[in-house]
Amino acid sequence: MNTGHGLILGGLSTVADLDLGIAAYRDTLGLELVELGEVSGELSRAWNCPTNAGSRYAVFRPASGAPCWLRLVEQPHHPDFRPTRSYGWAAFECTVKDVWHWPDRLPKAHFTIVGPPKELSGIEPAFIPMQVLGPGREMLYLNQVLRDMPGSDLPRAQAPIDRIFICVLAAPDRERAVAWYTQRLQLDRGADFTIPYSMINRAFDLSAETLTTLTMISAGRMPVVEVDDYPAQADTRSRHADMLPPGNAVVTLAVRDLASCACTWLAPPARRTGELYEGRLSAVTKGPAGELLELIEIG
């Protein structure tokens, strides 16, 4: 797998109870808890979320040791947040060894199954999908990869639940979002797909036959972002003032260098410590759907 420009280094979600989140991610999913702490004032300002200063956080890594970190930040639940109904980061897709293992092993206190495993009919599938909501109502896709796709290499899991290999973006204007990622971050436009997207159709009470077009953004043959055209009923995500968006809140990507990214930073780039940053230069920008995108310079 490409370990350079465009690699997904992590996804951050918010939870109202960090201890519950640790139980869900470490004890149920089997991810390794590698860091605990409180969000610094400097990092909260980098997100333009100053009220998150002092929020408890946890960092997890797959047992495979893959360079991908899932973070949970504790903040109050927002009563108006409904998953898969608003613009921004909609889901993190993780590669898993055996998707059929999970339906009977997810305590309801930790995860809600919204899409049980199913083999896709009528095509030779590249993966078997499953969708769950976590303790912060964040969406995780647990996908068992079967084979590569014609334009993409999909990673096989080396642990029961392994790295994030696609981040799903809900966009009000798919073409604008695709242009933003390809032009500003020098990523590649992949294939378009028009499908009856069951997750979106259920969320908006649309007929099962309603079609959605999505575009894959990649780095070479490595998928990075799936940009979904969301229906007109979608809206800006409700959030507490000066705090992270609820649910799937931040995606972190590796880039060759920050200077080559045509982005407006929410705060000046800085070197940060910890499992994810390792002293490297990073900065955060707001993407075309209002999403928070963190970029870490890897050289």
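The values are calculated or read from the model by the stated rules, or taken from the named source; none is laboratory data. These figures come from a predicted structure and were not determined experimentally. So basically every Cβ, Gly included, is an ideal-geometry build from the backbone, and we count neighbours across all protein chains shown.
Data table
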read-out: Residue list for the range 196-209, filter: outside any helix (DSSP H, G or I) and surrounded by 14 or more Cβ atoms within 10 Å (Cβ to Cβ); value: 197, 204, 206
read-out: Odd one out for residue 250, checked against (1) touching a Cys at 6+ places or on another chain (Cβ under 9 Å); (2) surrounded by 14 or more Cβ atoms within 10 Å (Cβ to Cβ); value: (1)
read-out: Flag for residue 56 being free of Cβ contacts under 8 Å to residues at least 40 places away in the same chain and touching a Leu at 6+ places or on another chain (Cβ under 6 Å); value: yes
read-out: Candidate set from the range 136-184 (those that are farther than 25 Å from residue 29 by Cα and of a type in the set (A, V, I, L, M, F, W, C)); member that is surrounded by the most Cβ atoms within 10 Å (Cβ to Cβ); value: 170
read-out: Looking only at the range 111-131, and only at residues there that are surrounded by fewer than 15 Cβ atoms within 10 Å (Cβ to Cβ) and among the small types (Gly, Ala, Ser), the one that is modelled with the lowest pLDDT; value: 122
read-out: Single residue of 168, 227 found to be in a strand (DSSP E or B), within 27 Å of residue 14 (Cβ to Cβ) and in contact with a Ser or Thr (Cβ under 7 Å, 6 or more places away or on another chain); value: 227
read-out: Residue 135 being modelled with pLDDT of 95 or more, assigned to a loop (DSSP other than H, G, I, E, B) and not hydrophobic (A, V, I, L, M, F, W, C); value: yes
read-out: Residue 207 being of a type outside the set (D, E, K, R) and in contact (Cβ under 8 Å) with a residue 60 or more places away in the chain; value: no
read-out: Residues satisfying the stated conditions in the range 183-238, i.e. among the acidic types (Asp, Glu) and touching a His at 6+ places or on another chain (Cβ under 6 Å); value: none
read-out: One residue from 267, 219, 234, 241 being of a type in the set (A, V, I, L, M) and within 21 Å of residue 140 (Cβ to Cβ); value: 234
